[in-house]
Structure formats: C-alpha cells, structure tokens
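Can you keep this structure in mind? I'll have questions shortly.
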Amino acid sequence: MASVSVPAERPKGLLRRPTATSGFWAWFTTVDHKKIGILYGITAFAFFLVGGTEALLIRVQLARPDQDILNTAVYNELFTMHGVTMVFLVVMPLSAAFFNYLLPLMIGARDVAFPRLNAFSYWAFLFAGIFIYSSWFLGGAPNGGWFGYAPNSVVDPTRGMTFYAIGLLIAGIASTVSAFNLAVTIINMRAPGMTLFRMPVFVWMGLVVQLLLAFSLPVITIGLVELLFDRLFGTHFFDPATGGNPVLWQHLFWLFGHPEVYILILPAMGIVSEILPVFSRKPLFGYQFVVFSGIAIGFIGFGVWAHHMFAVGLGPVANTAFGVSTMIIAIPTGVKIFNWMGTMWNGDLRFTTPMLFSVGFIAMFVIGGLSGVTHAIVPSDYQQTDTYYIVAHFHYVLFGGAILGLFGGLYYWWPKVFGRMLSETVGKVVFWLMLIGFNLTFGPMHVLGLQGMPRRIQSYPDSLGLSFWNLVSTIGAFTIAVSVLIFVVSAIASFRRPKEMENDPWDARTVEWLTTSPPPDHNFDEIPVVHSLDELWHRKYAETEGGRVVPVAAGGSGDPAHGLADEHGAGEHDGGHAIHLPGPSYYPLIAALGLPVLGYGLIFGVGYVVAGFAITLAGLFGWILEPSAE
Amino acid sequence: MATVAQPAEHAVTEHAETSTGLPSTKLAIWLFLASDCLLFGALISTYVLYRNASTVGPFPSDVFDIPYTSVSSFVLLASSLTMVLALAALQRGDVARSRVWLLATAMLGLTFVGGQVYEFTTFVEEGLGLSTNMFGTSFYVLTGFHGAHVTVGILMLLTLVALSFGGRITPEGSESVELVGLYWHFVDIVWIAIFTIVYLIPTNPPAAGG
C-alpha cells in the first residue's frame, strides 16, 4: 500500500523488514491495530464455538438422570476447559478485539502507542490458546476447574494442570503487555481537544480494564508460578503436610479472579453505553456518573475477592467485611443501570439489532446482579455455594451480560469494520433465539441450585427430582447453539453483499464514524480536532433555541477547524499517502513463538526450554535492531 | 491537557506531541514497574506467610550470613549510582564515559548475581534445598525471582553497551538508557525490601516439635 513509506534500505537487522500490507502473508507481519483487532475477533470467535461445543457436551451428559455418555474424567476436563476457554480465550480476547480496533479510532489516533508490541500480544494469546488445547493430545486436558484449586491441582497425576498453569502464564503475558500498550495509547495518543472527559464511555471502560489487567494479572502470575513449581520442582507452597497452606492459592487466585470479573463485564458495559445513546437519539444520561461508576467498580473490585471464599472458614470478621464490600460494589453498578434506563427514557428509540442486544444486556445483567447480591449475604451464600445457583448467577452476568453486550457490539460496529451491514432481519431472529435459549438454559439452574444440585457432578439419580429442569436447560443450550449458527451463516453471507454502505449508517455520535467504513490504513486523512463529547453528533446536528435538534448544513458547522474527512481534507493530504505508518514486522511473531516452545520444554525436556529462550531472544534482538520505520 | 489548545496542523505532523507531554515509552515503563510491584508483593506475601511455617530445618537463622549478604546488597545499591552517572554522562554528550559507567553497572550487577549463586550453593550444601521445607520453598523462589530480574537488567545494560558501539546510543536518544535505568533502580529498591524482610527481621525460634 502506498501509505506505508518504506525506509531507505539499511543493512542492519537480521531479516529484511517485510513491506506487504495486503494479501494472505501480510496478516502474519501486520502491526495495524485494525488487522490485529480482526485477528483477535476471529480467533476468539473460533474458541467461542469450541467452548460452546464443550458446553453442549456437558448439557448432553446432564440431559437425563443416570447417564454415562461421558465418564467422570472426561467430564472434569470438559467443564474445566469450558471455563478456561470462555474466560481467557473468548471474552477477554473478544473484548481485546473491540479495544484494539476501536480505541485508536475513537480517540482520533493513527494506531496504538506500540504497534509491534500489539502484534506480539495477539500472537502470544493465540499460542497460549493452542498450547492449552494441545493438552487434549499430549496427556490429558486440565481437569481441576478454571479456578484450579490446590492441593487438587498439585496432586493430580495427569499433565492437565501443568498445561493449565503454563498456558495461562503465556496468556497472562499477552494480556499484561497489551494492557500497558492500550493504557498508554488512551493516556497519550488522544487527538487534539480529546480531553479525558470528552472520551466516549467505551474508551473510559477500556482504560479501567487495562489498569485492572495490569494490577491483577501479576497476582495470578505468582499463583501460577507457585503451582507450577509445586508440580514440577517439588516445592511445597500448597502442601499442608509440610506447613504449606492451600488457602493461599485461593487468595492469590481470587485476588486476580474478582477484578477479572470486571475485566470481562466492563467492556460490554462500555459497548452498551455507546449503543444506547445512538438508538435513543439522546446523549448518554449522566455521562460523568457512568464514567465514575466504572472507575469505582475498578477500585472496589480489588476489595471483594474473599466473597468467593465464605465457606473456607476465614472467620466472621473477614466474612462480614467482604460481604459488606460486595454489597457496596452493587451501588456503582446500579447507578449505571439507572443511567442506561435514563438514556432511553423519552428517547426516540429505534429497536435495531444492536439496540435489542443492549436492552437484553441490561435486563439479563439486572437478574444476574440481583442473584449476586444474594451471595453477598454470608448465611445465604453458605446454602448457595457450590450449587447450580452460582452457575446460574455467573452465566447471567457473563453470558447475559458480557456475551450479549459483545454481540451488540458486533452488530453495531460490523459495518465500521467490514463496510457491509449484517442482516437486520436475521439479526433480530438471532437475538430472540439467543435470549430465549439463554433463559431456558440458565433460568432453571436457579431452581436446581436451590434444590441442592451441586456443581461439577457428572450425573444425578432420578430420585432427586432434578430431571425436568435439567432437560429444559439442555434444550435451552441447543437453542443458543442454533442462534449462534444462524449468526455465523449471516456473518459469512454479509460478505456477499456489495460494499455500498454509507460511512455512518447508524447516525452515530462518536468520531470513529467520521472516517470511511472500513477506515483507511491511516485511520483519518486528517486527525479530527475534538470540541465536545459526542463530537460527531455536534458536527451533524445543532439545537435550536426551543431545544429542537436540527441537522447542520452539509460540510460541517462552518468552523474551518471542523472540516476534516470531507473532500477538501482528503485532497489536501493526498488521501493520506504521505502519512508515515509503522512498517510490518516478523519479530513479534518470532518473539511470541518462543513462549510455547519454552512451555513445552518445561513438560517434555530442557532442550525445548533452551530452544524457546533462543527463539524469543532472537525475536527480541531482531526487534531492537530492526531498521526503524516507526 | 497540554494539547487541547494545539492548532490542528500540528496534530498531523509525524511525531505528534503526546497528550500528556510524557514520552509513551516512559509511561509504559512506569506502568510496567507498578505492575511488577504486585508480582513482588505476591511473592513477599507468600514468604511472610511461610516464614515461621517450616516444620524441619534448616531455619533462616541456621544459614543466613548477614555480613556477606550486606556486602552484596551494598554492591547492588552502588550500581544505582553508576547507572545515574551513565545517564548523566550521556546527557552531557560524553558517550564514551557513559559506556564505561554502563559497563560498570553491569559488572556490579553481575557481582551481585554471582554472590547470589554462591550463597545458594552454600545453603544447599548446608542442607537447605528447594523442597526441604517452607523456608527453602519460599526463600529460593522469591530471591531467585529477584535474581532473574537483575539478570534481565544486566542483559539490557550489555545490549545498551553493544548498541552504543554501533552508534545507536546518542545524547539525543538518551531515553533508552533512562528507561533501563528506571528498571534498574526499581530492581535495587525491591532488593532493599527483600533484604529487610527476609534477612534482617528475625524469625521466631522454631518451637519444639514444630
């Protein structure tokens, strides 16, 4: 592409710097945040299908009482892999896909702060996923739950939990690096005039999520290192026989694990906060409250972890303190719900597919949030813990919340990314099927849990009276599967439509719609100068004295600083051909490739460890010495 | 924000000013160091939890040689001074002097790591292995993790020295030296915490029967 100015040939560097920015191989060397975002999205969606299939197998096994379709060992592997996949390989990277693609566009930047590091994050994530999944063929998948409680995870004789520890360490490196990168991008790369409080809520939630990642992942990293040392090198971190304490694992895990919950949900909250104002044709109600609530959730999220451990026996003082902090975190969450409803109140509502998913998100998240408050009450939690009631709760917030929100985002930004609309008719079918299937699957689990059905059991006798709701739940799971399949078909079909969409099909409010859809490599022909929150809206509409909204005449509001992606802006800058963009690079891929090799080495022999180190070091040194195009 | 009042035409130049005025690399390294605090925080917490938990010896008081470790700690802290001198020399424009100080920093770091290897060997000979007791488990992993950080720092310092011979470290581009320096000082400060908590605060004498 002409927009990449190739640096003058210099002899330094191990490999010639690649130059292609289009075609199949360009995907392996790209450092463009938009391409990396698409890669994240496709990979995460593929893992979503895999993790969903695992869920279906679980539901098939539980459909009828006393079944033995899956034996207990395989059942343990399946529920563990379902959890690990959905948390680390689906919701986190799918959110990363949105952040990667949209954050620079929403703040008016040409790319992220460190484009090659961004590519490294993606490859490390992909290799972590492949590494964990390769365990199915190399001695058994992880089988100790996504939470990997010690000492069970230490003494298990299969290799599964070793794959779990190493795989999550690699995924953690990917996420931590990406968190630094995106946080710096938001803090440092904003367009002129884009002050912190003119940033869209999605960008704010992005910032909070990156900081949560940066400060919670190190804690699980140490937990995983200790688990790995216990398994491989004979240390006793979690071994009660020599004075070790397995509860330490729970503290380290949940000190990460609870911020993680907000890492999963805040992106979806950000997405919904973008979609609702557009389809209500009103600004977000109480923007500052939504932003500060998000920040408050981020802070308080570090102080509630022991509510996962009420039954451990920490004592009444600790349990009460964590019960109270858990109830407190419901306040900022509740504030957001009222703000979203206030946004829709008296709005000029358009129930497009993204809007339906957003409204569905609010309704389902409220149910999940309310059942969450019931576990903040310690005596009540004693009854619910380790039952299907908990499973119902977190699927209402993570599927009903995060996944519905992310699907809303897919429908809303699909035209931005691909320049084609997804079918609205099919989209509504997908939404309603998914919503009904979701409630059929997880609604009955509340009842099953209160009836006492424990989590993580492979079967149950008919005499317990759990059979009916389990069957309903399985039917619901297959309904969700049908809705996802229809989505996949509709997504593929969207590429057969001609690219003749306008740039701003939803009449949106934020600056990512100011450029073309899909955006050029350099994002904006001219970096927008931002004058207000909802910048694009104010460029398109003005308010009369009577408070009526009227369109501004074409060509901007007359202020010369306003005109940008219009014709003269593009002409002036030669369609962006003179803009200097970072060149593609092999090294992020090479540096990331060493990590799984090193990981296999810890299991299969020291030779691979040396090789893995060598590959990563070679990648890093090549990276440093690479002739700069950045 | 510094850039709010900036005219539009400046924003499209190739190396636009950052929104905060801070270089992005420096912001990123500060974030990394803040995040790294939690890595050490979790490890130090583990050590503190287990410091009196060993049921069999050797116990800390059996193996620690405080004067020896004090000297190697002093060597590491001295390397922070040479690191500052390296940056100062480079900013004055004296690349050759800067290179000497960088090399001195790396050598002091190497002395510290060498001292740690010697200390570990001595402890192992005295019967304290990684899996002997809770002290061995938590001590080796914590101090080894710190030693790995120092080793990475040495590697970066030597890389800077090598790059300076290629003319890639210039007074105008002193930022890379500054960033490595931030990392190096951080690793030194963490050692002060570890030295105090692990070596200087005495553990309870092991109760009879553990």
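Every read-out reported here was derived from the displayed coordinates using simple, explicitly stated rules and does not represent laboratory data. A quick note: this is a predicted structure, and the numbers were derived from the prediction, not measured. Here Cβ is always computed from backbone atoms with ideal geometry, including for glycine, and neighbour counts include all displayed protein chains.
I need the peptides A:518-528, A:230-240 ranked by packing, meaning the mean over residues of other C-beta atoms within 10 angstrom, with the highest value on top.
Numbers: A:518-528: 22.7, A:230-240: 20.7.
Ranking, from highest mean packing down: A:518-528, A:230-240.
Sequence-distant or interchain residues sharing an amide H contact under 5 Å with A:TYR541, placed H: which?
When sequence neighbours closer than 5 places are left aside, the close amide H contacts are A:VAL552.
Through the Karplus equation 6.51 cos²θ - 1.76 cosθ + 1.60, θ set to phi - 60°, convert the phi angles of segment B:66-81 into ³J(HN,Hα) values in whole Hz; use x for Gly and Pro.
Values, residue by residue: 4, x, 4, 5, 4, 5, 5, 5, 4, 4, 5, 5, 4, 5, 5, 5 Hz.
What list of ³J(HN,Hα) couplings, whole Hz, do you get for segment A:491-506 from phi and the Karplus terms 6.51, -1.76, 1.60, once you set θ to phi - 60° and write x for glycine and proline?
5, 5, 5, 4, 6, 8, 7, x, 7, 10, 7, 6, 6, 10, x, 9
Is there a simple number for the mean count of other chain Cβ atoms within 10 Å of the Cβ of residues in A:116-125, and what is it? Mind showing how you got there, number by number?
Details: counts 0, 1, 0, 0, 0, 0, 0, 0, 0, 0.
For peptide A:116-125, the averaged partner shielding equals 0.
Another question, then. Between beta-carbons, use under 12 Å as the cut-off and find the net charge around B:GLY181, counting Lys and Arg +1, Asp and Glu -1. Don't skip to the answer; put the middle values down first.
Numbers: positive: B:LYS26; negative: B:GLU175, B:GLU178, B:ASP188.
Spelling it out: positives minus negatives among the neighbours equals -2.
Calculate for chain A the 222 nm mean residue ellipticity that helices alone would give, adding -39,500 (n - 2.57) per DSSP H run of length 4 or more and normalising by residue count, nearest 500 deg cm²/dmol. Walk me through the intermediate numbers first.
Working: 21 runs with 387 residues, N = 630.
Result for chain A: -21000 deg cm²/dmol, rounded to the nearest 500.
Give me the angle, in degrees from 0 to 90, between the Cα long axis of helix A:160-188 and the longest principal axis of the Cα atoms of chain A, rounded to the nearest 10.
Taking Cα atoms only, the helix is inclined about 30 degrees.
Here's another thing I want to ask about it. List every residue whose amide H lies under 5 Å from the amide H of A:THR387, counting only residues 5 or more places away in sequence or on a different chain, with H placed 1.01 Å from N in the peptide plane.
A:ARG455
Using a simple spin-label model with points 7 Å from Cα along the Cα→Cβ vector, what separation in nm is obtained for A:ALA73 and B:GLU17?
6.6
Quick one: Karplus J couplings for segment B:182-198, per residue in order, coefficients 6.51, -1.76, 1.60, θ = phi - 60°, nearest Hz, x for Gly and Pro?
Couplings: 4, 4, 5, 5, 4, 4, 5, 5, 4, 5, 4, 5, 5, 4, 5, 6, 7 Hz.
Which one of A:ALA376, B:LEU27, A:THR352 has its Cα pushed farthest toward the positive end of the charge dipole of the protein assembly as shown, where Lys and Arg give +1 and Asp and Glu give -1 at the Cβ?
Result: A:THR352.
By average Cβ neighbour count within 10 Å, what is the ranking of A:590-598, B:34-42 from highest down? Walk me through the numbers before you get to the answer.
Numbers: A:590-598: 22.6, B:34-42: 18.7.
Order by mean packing, descending: A:590-598, B:34-42.
Follow-up question, since we're still on this one. Tell me which of B:ALA96, B:ALA162, A:GLY23 sits at the most positive position along the dipole axis of the protein assembly as shown, charges placed on C-beta atoms (Lys, Arg +1; Asp, Glu -1).
A:GLY23
Follow-up question, since we're still on this one. Let me make sure I get this right: for the protein assembly as shown, a, b and c are the square roots of the gyration tensor eigenvalues over alpha carbons, sorted descending. Under 1.5 in a/c it's rounded, otherwise prolate if a/b > b/c, else oblate. Which is it?
Working: a/c = 1.80, a/b = 1.10, b/c = 1.63.
Cα axes put the protein assembly as shown in the oblate bin.
Still on this model: Run the quick spin-label model on A:VAL488 and B:THR170: label points 7 Å from Cα toward the beta carbon, then report their separation in nm to one decimal.
Distance between label points: 5.4 nm.
Please give me the summed charge of the neighbours of A:LEU70: other residues whose Cβ is under 15 Å from its Cβ, Lys and Arg +1, Asp and Glu -1. If you can, show how the numbers build up before the last one.
On the way: positive: A:ARG59, A:ARG64, A:ARG456; negative: A:GLU54, A:ASP66, A:ASP68, A:GLU77.
Net charge in that neighbourhood comes out at -1.
A further question follows. Per DSSP H run of at least 4 residues, take -39500 (n - 2.57); add these up for chain B, divide by its residues and hand me the 222 nm value, nearest 500 deg cm²/dmol.
Roughly -24000 deg cm²/dmol at 222 nm, from the helical runs in chain B.
According to the square roots a ≥ b ≥ c of the eigenvalues of the Cα gyration tensor, what is the shape class of chain B, taking rounded for a/c under 1.5, prolate for a/b larger than b/c otherwise, and oblate for the remainder? Mind dumping the intermediate values first?
Details: a/c = 3.51, a/b = 1.94, b/c = 1.81.
Prolate, because a/c is 1.5 or more and a/b exceeds b/c.
Within 10 Å of each Cβ in B:28-35, how many Cβ atoms from other chains are there, averaged over the peptide? It would help to have the intermediate numbers written out before the result.
Numbers: counts 11, 2, 2, 11, 5, 0, 5, 11.
If you average over the peptide's residues, the count of other-chain Cβ atoms is 6.
Shifting gears a bit: In segment A:31-501, if every C-alpha pair distance is counted and binned at 20 Å from zero, what percent goes to each bin?
For segment A:31-501, the binned pair fractions read 24, 61, 15, 0 percent.
Can you give the local net charge around A:SER95? Use residues other than it whose beta-carbon is closer than 15 angstrom to its beta-carbon, Lys and Arg +1, Asp and Glu -1.
Working: positive: none; negative: A:GLU260, A:GLU274.
Overall, the nearby charge balance is -2.
Okay, moving on. On average, how many beta carbons from a partner chain sit within 10 Å of the beta carbon of a residue in A:104-111? Please report the intermediate quantities before stating the final value.
Details: counts 0, 0, 0, 1, 1, 2, 3, 0.
Mean partner-chain Cβ count within 10 Å for A:104-111: 1.
About the Cα centre, and with charges only on the beta carbon of Lys, Arg (+1) and Asp, Glu (-1), how big is the dipole of the protein assembly as shown? Nearest 20 debye, please. Mind dumping the intermediate values first?
Working: 36 positive and 51 negative charges, 159 e Å.
Here the size comes out at about 760 debye.
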